[in-house]
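The values are calculated or read from the model by the stated rules, or taken from the named source; none is laboratory data. Quantities reported herein were computed from a predicted structural model and do not represent experimental measurements. Every residue, glycine as well, gets a Cβ built from its backbone with ideal geometry; the counts of neighbours run over all protein chains shown. Surface areas here come from the heavy atoms of the whole protein model, side chains and all, with no ligands, DNA or RNA. Shrake-Rupley method; radii C 1.70, N 1.55, O 1.52, S 1.80 Å.
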Amino acid sequence: MADRTEVPLSADEHFPASLLRVTGIYGIALLLALVLFSFHVVVIFDVIGEMLRYKEWLLEKLGPHDAGKLLLLGCFFALMLAHMAEAGVWGLFFRWTRLLPSITEGVYFTAASITTLGYGDVLLKYPWRHLGTLIAITGVLMFGCSTAFLFVVLQSVWQHL
């Protein structure tokens, strides 16, 4: 009988996940990224667009200075809630797939990734590491859209001052 010796796993090698599970989770993650980006577009164009419809009324009632502050603050608040909701959905995804032990840890990992802060104190194991990259890329795009939109709102406010 041949003597089989156990070879210890290195830090990058873990018990292999099935190809079906890996493909399924990455597919769901890509779909989730698209859905969340669509949600972000809806927040920008529909929710905040609805707020901006009241710009003339606010200018008339509050004057340009206070109306501008209120509009900018409202847009910032709506975008902040959208980003927090998106991190929450990713946190639920990580808990549902059992890639992280809790929703709060999933939200924390997502927030660190989506802002490209990346502390590195919460990490996904192999073969799931690329999900952090996916979240970071979509986060940069969503924060870029939010920033561009706030800039447009600020320009609109400055025109009335």
Rg and Dmax of the stretch 11-97, Cα atoms only, in Å: 20.1, 65
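Tell me, what is the FRET efficiency for residue 134 and residue 80 to the nearest 0.05, using R0 = 25 angstrom and their Cβ-Cβ distance as r?
According to the calculation, E is roughly 0.65.
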Could you derive backbone 3J(HN,Hα) for the stretch 79-86 from the dihedral phi with the Karplus parameters 6.51, -1.76 and 1.60 (θ = phi - 60°), listing whole Hz in sequence and x where the residue is Gly or Pro? 5, 5, 4, 4, 5, 5, 5, 5
With charges only on Cβ, +1 for K and R and -1 for D and E, what is the dipole size of the chain about its Cα centre, in debye, rounded to 20? 160
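Kirkwood Rh over alpha-carbon pairs of the stretch 103-161, then Stokes-Einstein at 37 °C and 0.692 mPa s: what D in µm² s⁻¹, rounded to an integer?
Working: Rh = 13.0 Å.
Taking Rh from Cα pairs, D becomes 252 µm²/s.
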For the charge dipole of the chain, defined by +1 on Lys and Arg C-beta atoms and -1 on Asp and Glu C-beta atoms about the Cα centroid, which residue among 59, 101, 115 has the Cα displaced farthest towards the positive pole? 59
Calc'd 3J(HN,Hα), the stretch 51-57, phi into Karplus 6.51 cos²θ - 1.76 cosθ + 1.60 (θ = phi - 60°), Hz, glycine/Pro = x, comes to 5, 6, 5, 8, 4, 4, 5
For the pair residue 126/residue 154, report the inter-label distance in nm, with labels modelled 7 Å from Cα in the Cβ direction. 4.4
With axes computed from alpha carbons, what is the tilt in degrees of helix 130-159 against the longest principal axis of the chain, rounded to the nearest 10 within 0 to 90? 10
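Using the alpha carbons of the chain, what is the convex hull volume per residue in cubic angstrom, as a whole number?
Numbers: hull volume 18.9 nm³, N = 161.
Normalising the Cα hull of the chain by residue number yields 117 Å³.
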Would you tell me the accessible area of residue 46, worked out with a 1.4 angstrom probe on the heavy atoms of the protein chains, in Å² to the nearest 10? 90
So, with +1 on the Cβ of K and R and -1 on the Cβ of D and E, and no other charges, what is the size of the charge dipole of the stretch 56-136 about its Cα centre, to the nearest 20 debye? 420
Surface accessible to a 1.4 Å probe, residue 69 within the full protein complex, Å²: 120
What figure, in Å² to the nearest 10, do you get for the accessible area of residue 19 with a 1.4 Å probe and non-protein molecules left out? 140
Estimated vicinal HN-Hα couplings, Hz - the stretch 92-101 in sequence order (Karplus 6.51, -1.76, 1.60; Gly, Pro = x): 5, 4, 5, 6, 4, 7, 6, 7, 9, x
When the helix-only estimate is applied to the chain (DSSP H runs of n ≥ 4, each -39,500 (n - 2.57), divided by the residue count), what is the mean residue ellipticity at 222 nm, nearest 500 deg cm²/dmol? -24500 deg cm²/dmol
Measuring from the lowest to the highest alpha carbon on each principal axis, how far does the stretch 60-107 reach, largest first, in angstroms? 53, 12, 9
For the chain, with the dipole built from +1 on Lys and Arg beta-carbon atoms and -1 on Asp and Glu ones, taken about the Cα centre, which of 124, 159, 45 lies farthest toward the positive end? 45
